[in-house]
Each structure stands twice: as C-alpha cells, then as structure tokens.
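Here the structure comes first, spelled out in structure tokens, and everything after it is commentary.
Just so you know, all these numbers are worked out from the coordinates, no wet-lab data involved. Treat the numbers as computed from the prediction; the structure is a model and nothing was measured. Glycine gets a Cβ as well: all are built from the backbone with ideal geometry, and neighbour counts include every protein chain shown.
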There are 2 protein chains.
Amino acid sequence: MRITIQQAAQRLLSQDRILILSHKSPDGDTLGSAYALLYALYAQNKTAQVICGDPIPPQFAYLSDGEKNVSFEPSFIVAVDVASRELLGKALSDYALRVDLCIDHHRMNEGYAKETLVDDQAAAACELLYAVIREMDVPITGRIASCLYTGIATDSGCFKYPNTTARTHQIAADLIEAGADYVRINRELFDTKSRARIEIEKQVLDTLSFAENGRIAWACITQEMLHNTGAQESELEGLAALPRMIEGVEVGITLREQQDGKYKISVRTAQKADAAAICAVFGGGGHLRAAGCRTACPYEEAVEKLLAAAKKELE
Amino acid sequence: MRITIQQAAQRLLSQDRILILSHKSPDGDTLGSAYALLYALYAQNKTAQVICGDPIPPQFAYLSDGEKNVSFEPSFIVAVDVASRELLGKALSDYALRVDLCIDHHRMNEGYAKETLVDDQAAAACELLYAVIREMDVPITGRIASCLYTGIATDSGCFKYPNTTARTHQIAADLIEAGADYVRINRELFDTKSRARIEIEKQVLDTLSFAENGRIAWACITQEMLHNTGAQESELEGLAALPRMIEGVEVGITLREQQDGKYKISVRTAQKADAAAICAVFGGGGHLRAAGCRTACPYEEAVEKLLAAAKKELE
C-alpha cells in the first residue's frame with residue numbers, strides 16, 4: 001500500500017527496535033538514507049540499526065561514524081532506496097519477506113513492503129528521507145545533513161543529471177546551512193580519482209565502439225583490466241556513464257565482466273531512449289535514463305541483443 | 001570605489017546606451033553575466049550591447065540567442081567578471097580606461113573601474129548579477145535564468161567546487177523555477193565530451209608527473225596534441241583541473257603550450273596551498289584554489305620555478 005510522507009513519519013515515531021535495510025552493492029543514496037534515518041531515530045531515543053548485505057565502500061565509511069553497537073530482535077523493518085526484494089541480496093533474504101516500510105524513488109518499485117512511500121520525481125531516496133525526518137520533527141544535525149547530502153549528490157551526479165530539480169537544490173541549500181560537510185564530501189566523491197581509476201578509465205575508453213552513426217556507444221570493463229590496474233570495486237563508480245558522455249551518443253552501454261564470466265550491464269540514455277526498456281531484454285530494469293541488467297550470454301551475443309533493443313528504442 | 005548591489009542597480013537603471021564588456025578567452029560566467037544583464041536592460045527598454053575581445057565558444061552560443069543588432073556610442077560601460085584591465089584584451093583596450101562599473105567576484109579585482117561591486121564569497125559573478133537584476137525589479141525570464149545558471153554552474157563546477165554555498169543552491173533553485181534550460185545546459189557543458197576531447201584527455205594524462213610524494217602533480221598540453229587530436233580551444237575546458245583530481249594531490253598544475261611557444265599555466269589546489277601565491281612567481285593571480293599565469297620560460301625551467309613556489313606553499 002502506498003502511504004504519504006506524514007504517514008511514514010508517524011509509523012516510524014510509533015515504533016521501536018527498528019531495523020534499516022540498504023540494498024546490496026550499496027551506493028551513497030541507500031547508505032545516506034539508512035544512516036540519516038538511523039541518526040533521526042536515535043534522536044527520538046529509539047533502538048535502531050542499519051544492515052547491508054555487502055560491506056560499506058571506503059569512500060562512504062564516514063556515514064557510519066555515529067553508529068552505536070546494539071543487538072535486538074527487530075519489531076519494525078524499513079528498506080531505503082530498495083526497489084525490489086532481490087536487491088536486498090542473499091545475506092538479507094530472511095528479512096526480504098517481512099519489510100514493513102519501504103522508502104524509495106524508483107519508478108519500478110515492486111511494492112514488496114507492507115507499506116511504501118515512493119516518489120519517482122525525487123532525484124534520490126534521500127530527498128524523501130529529508131522530508132520524512134523533518135516531518136518527524138527531528139532537528140537536522142550536521143551529521144544527518146552530511147548523510148542526506150551524500151545521497152542527493154551521488155544520485156544526481158552532483159546536481160548535473162536531469163533528475164535534479166529546484167527542490168533538489170533547495171534541500172541541498174538547507175543541508176549546507178544545517179552543517180553538511182559538503183566541501184569534503186564533494187572533493188572525495190566527485191573531484192578525486194585514484195591513479196588506478198585514471199588508468200582503468202583510459203583502458204575502458206580504448207574499448208569504445210559505436211553503432212548507428214555514433215548514436216549508440218558501448219565499452220567493456222574486463223577482469224583483466226581490474227587485475228592489471230589494481231582498481232577496486234569502489235573505484236569503478238561512474239564508469240558506466242562514460243559511453244553516454246560522448247557527443248552525439250543517445251544510448252551508452254557498459255558491459256562489466258564479473259568474476260564468474262557473466263556480464264553486469266549498465267545502460268544510460270540521453271533524451272530519447274528508455275534505458276529500462278533496453279535492459280528488459282535481459283530481465284533488468286531501473287530508471288528512464290539509467291538502468292541495469294545481468295546476463296550469462298557470451299560478450300558478442302550480449303552486445304548484439306543490447307544493440308537490437310537500443311535500435312528499437314531509437315526508432 | 002566599492003558600491004552595493006542596490007547602488008549598482010540604481011546606476012544601471014539611471015543610464016542608457018550601455019556597453020557590457022566580457023573578459024578575453026570568455027567562459028560561461030563572463031558571458032552568462034553579460035547576456036543576463038543585456039536581457040535585463042532590454043526589459044527596461046535600454047539600448048545595450050555585449051562585446052568581447054574573443055569569439056564566443058560554440059557551447060555558449062545559445063546565450064546570445066536574444067541579442068538585437070544595434071550600434072551606438074556608449075554613455076555607460078560595465079565590465080562583468082573582469083578582474084583587471086588587462087583581461088579585457090587588446091581588442092577592448094580603448095574601453096579599458098573608461099569602465100564606469102565593474103561587477104566581479106575575484107578577490108584580486110584591481111579596482112580599475114570608477115565603481116566596483118565585488119564579492120569574493122560569490123561562487124560566480126552571475127550570483128551578483130542575479131542579485132542586481134532582482135534589485136532592478138526585472139522579472140527573471142527563462143532566457144535570463146539560463147544565462148545566470150550557465151555562469152553559476154560553470155564557475156562552481158556544477159556545484160561541486162568549494163566555492164559553492166547554500167546561497168549558490170538557493171539561486172539555482174530559483175533559476176530552475178524561473179525556467180532555466182538547465183537539463184540541456186548541464187548535458188552540454190558537463191556531461192558531453194567530443195571524441196577529440198577524450199583523445200586529448202588520454203594524452204594529457206600520459207604526461208602526468210609527481211613530486212613531493214605525490215602532493216604536487218603536473219601535466220602538459222602541447223600544440224602537437226592539439227594537432228594530432230584535432231581538439232579545439234573550446235574542447236579544453238576543465239583539463240586544468242585534471243592533475244589536482246588525483247588522490248593525494250594538493251597542488252595540480254597544467255602547462256599549456258601556446259602557438260608562440262610560450263606557456264599558459266593553471267594551478268589548482270586542494271586544502272592547503274594558495275594557488276594565486278604560486279602563480280605570482282610568473283606575475284599571475286586568481287583565486288585561492290584556482291589561479292593562472294603565463295611565461296616565456298622554457299618548459300623545464302617553468303616547471304622548476306612552479307615546483308619551488310608550490311613547495312613553499314605546502315610548508
């Protein structure tokens with residue numbers, strides 16, 4: 001059932017022993033949402049905890065700085081920025097069937113929770129968390145502001161992606177005034193690259209291919225590149241956006257080879273094509289301009305199917 | 001003499017036949033400021049014109065879409081985002097000695113105009129133009145909003161540089177609500193790279209050198225790279241920021257070879273060093289985190305002097 005911001009705030013205020021779930025392969029938005037909510041619940045003297053099926057990437061370690069060590073049997077489970085049960089991953093599958101509240105901004109949210117607050121006009125789940133926390137009457141501390149800023153900045157590409165709205169900027173202004181450590185966060189997330197990242201970026205750019213007069217571009221990230229550059233998982237953020245950045249490209253695709261030889265595919269689109277529709281060819285989905293899927297197909301076959309789906313979208 | 005926003009607005013409202021000057025090698029902020037002011041003056045039925053010593057780069061061509069073809073003897077001259085007379089360039093040197101009003105956000109503004117409105121806390125001159133235009137009681141049309149958004153977004157690195165403040169975001173929110181064409185502007189300015197740009201970026205990264213345990217990094221952009229990639233002047237925007245983006249780098253320097261064999265140098269700093277102080281070694285200047293200078297020294301000698309100045313700043 002869909003609920004409002006006010007109802008979501010009421011649910012949280014009326015509960016205790018609250019478990020907060022982030023999605024697997026966590027990003028700044030799911031973690032920023034989870035920790036902002038955690039600190040807001042602490043402010044209401046609630047017992048609460050954040051869990052995630054995968055480790056927190058090092059660049060987001062600061063989000064959990066104020067976390068308390070607790071152990072409890074949850075009486076209320078909240079998932080943040082988690083569009084489907086599957087995205088909780090195996091480690092959290094026990095909780096997947098009993099999520100009480102989901103707060104999310106994905107158009108394709110599957111409605112798996114008892115109650116869902118979803119707004120696909122929000123650039124980030126953190127925009128919704130900002131509204132919920134204000135509705136809970138919790139003061140936005142510097143710590144909470146830094147968590148919310150992290151989610152908003154990462155999901156909006158630091159305010160450059162088309163999901164950014166006037167409201168996104170208004171919230172960012174409020175968070176900066178509330179003490180978000182935004183200069184450091186921006187520098188670490190958007191203005192710093194490791195030498196390994198620079199090296200792998202050059203190698204990925206060397207694999208660029210084009211079709212349909214340059215309207216479709218794709219690139220590959222192989223296990224070999226990871227090995228010879230020493231780049232870590234957390235250093236690959238944003239590589240998926242590279243092919244779409246090239247002038248004239250309307251559909252940009254990256255195929256990332258996994259350790260088991262399968263491919264994780266990211267699709268980014270400019271103005272015309274529906275990225276989620278292209279990813280449906282391998283049972284994936286996501287947003288209109290950014291979507292993903294996975295396949296066990298060999299590389300050439302995967303590219304062929306993706307190109308066919310992309311061409312259909314461009315027609 | 002320094003004047004306030006209110007006084008600047010009064011001067012503009014009380015004058016007619018107004019000439020607006022942009023600095024040479026124009027960027028989004030000087031052009032966005034100039035055209036926003038032009039359209040605001042049109043709204044007050046003034047005769048006005050923008051001039052610049054160099055051509056408008058193609059990615060900023062949209063700014064002048066609403067320009068009228070006029071010819072007049074100016075009775076009032078305004079310079080926007082122009083820190084010194086010298087930055088007007090040779091083509092505008094006749095006007096350089098008789099600037100009535102300068103609106104600028106550079107700490108080092110030389111006070112060459114009869115009256116100067118300067119605020120070095122503003123991320124962009126366009127932040128000041130926004131305040132002046134509102135004070136002039138001119139409605140912010142979509143066209144004016146697009147000009148102001150362009151300047152703010154380019155000078156703040158699309159809100160990721162440390163000069164961004166809560167006010168920067170508040171103004172961005174207002175401009176988006178006023179109809180700024182921000183999705184297209186962001187895509188063209190921050191999310192699109194030509195193939196030539198991608199190629200030259202790879203070549204520049206190949207020249208990276210490090211000193212002081214990776215705290216200083218420098219790179220070179222040669223005339224040969226421009227020739228073999230076919231990259232145009234307007235495709236080099238942001239290359240100056242590359243060395244500073246590397247993890248651990250506190251001073252990032254680029255040396256760009258000019259057609260006459262001289263070097264144009266850009267310095268970017270992280271938290272400690274003063275970029276303007278480093279550029280003073282060759283008589284240059286700018287902001288605390290971003291500055292520039294030029295030299296006729298040979299490459300090795302230029303690097304040596306810059307490194308010495310950078311080391312002194314890091315001490």
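Taking the Cα centre of the protein assembly as shown as origin, work out the dipole magnitude from +1 charges on Lys and Arg Cβ and -1 charges on Asp and Glu Cβ, in debye rounded to 20.
It comes to approximately 280 debye.
Would you mind ranking A:THR116, A:THR168 by Cβ crowding within 10 Å, fewest neighbours first?
Placing the least packed residue first, the sequence is A:THR116, A:THR168.
How far, in nm to one decimal, is B:THR222 from itself in the other copies if the label point is set 7 angstrom along Cα toward Cβ? Shortest first, please.
Spelled out, the distances from B:THR222's label point are 3.0 nm.
Go through the cysteines of chain B and tell me which have no other cysteine Cβ under 4.7 Å away.
Cys with no partner Cβ under 4.7 Å: B:CYS52, B:CYS102, B:CYS126, B:CYS147, B:CYS158, B:CYS220, B:CYS297.
What are the nm distances, shortest first, from A:LYS272 to its equivalents in the other copies, labels at 7 Å along Cα→Cβ?
5.2
Treat the count of other C-beta atoms within 10 Å as a stand-in for reagent exposure and order B:LEU101, A:LEU12, A:LEU239 from fewest to most.
A:LEU239, B:LEU101, A:LEU12
So what J values fall out for region A:250-260 if you push phi through Karplus, 6.51 cos²θ - 1.76 cosθ + 1.60 with θ = phi - 60°, rounded to Hz, Gly and Pro as x?
9, 10, x, 10, 10, 10, 10, 5, 8, 4, 8
Run through the other copies and list how far each one's label point is from that of A:LYS305, in nm with one decimal, shortest first; the point sits 7 Å from Cα along Cα-Cβ.
Computed spacing set for this position: 6.2 nm.
Relative to the longest principal Cα axis of chain B, at what angle does helix B:299-314 sit, 0 to 90 degrees, rounded to 10?
Its long axis makes an angle of about 80 degrees.
Rounding to the nearest 10 and keeping the result within 0 to 90°, find how far the Cα-based axis of helix B:142-155 lies from the longest principal axis of chain B.
Between the helix axis and the principal axis of chain B, the angle is about 20 degrees.
My understanding is that a pair violates if its Cα-Cα distance is over 32 Å; which of A:LYS160/B:LYS114; A:LYS46/A:LYS193; B:LYS114/B:LYS193; A:LYS90/B:LYS202; B:LYS24/B:LYS305 do that in this structure?
Correct reply: A:LYS160/B:LYS114; A:LYS46/A:LYS193; B:LYS114/B:LYS193; A:LYS90/B:LYS202.
Mind checking the angle between helix A:28-43 and chain A's longest principal axis? C-alpha axes, 0 to 90 degrees, to the nearest 10.
0
Evaluate the charge dipole of chain B about its Cα centre and quote only its size in Debye, nearest 20, assuming +1 on the Cβ of each Lys and Arg and -1 on the Cβ of each Asp and Glu.
180
Return B:CYS102, B:CYS220 ranked ascending by Cβ neighbour count within 10 Å, so the fewest neighbours appear first.
In order of increasing Cβ crowding within 10 Å: B:CYS220, B:CYS102.
Might you report the magnitude of the Cβ-based charge dipole of region A:142-236 about its Cα centre, with Lys and Arg at +1 and Asp and Glu at -1, to the nearest 20 debye?
The dipole magnitude comes to about 180 debye.
How much of the DSSP beta bridge set in chain A is antiparallel, as a percent to the nearest 5?
45
Give the distance, in whole Å, between the Cα centre of region A:150-217 and the Cα centre of region B:22-65.
29
Projected onto the charge dipole of the protein assembly as shown (+1 at Lys/Arg Cβ, -1 at Asp/Glu Cβ, origin at the Cα centre), which of B:LEU92, B:HIS106, A:SER194 gives the Cα projection farthest towards the positive end?
B:HIS106
With each run of n ≥ 4 DSSP H residues scored as -39500 (n - 2.57), what mean residue ellipticity at 222 nm is computed for chain A after dividing by its residue count and rounding to the nearest 500 deg cm²/dmol?
That comes out to -11000 deg cm²/dmol.
Just B:ILE246, B:ILE265, B:ILE20 to compare: in a GNM of chain B, with alpha carbon springs under 10 Å, which one fluctuates most?
B:ILE246
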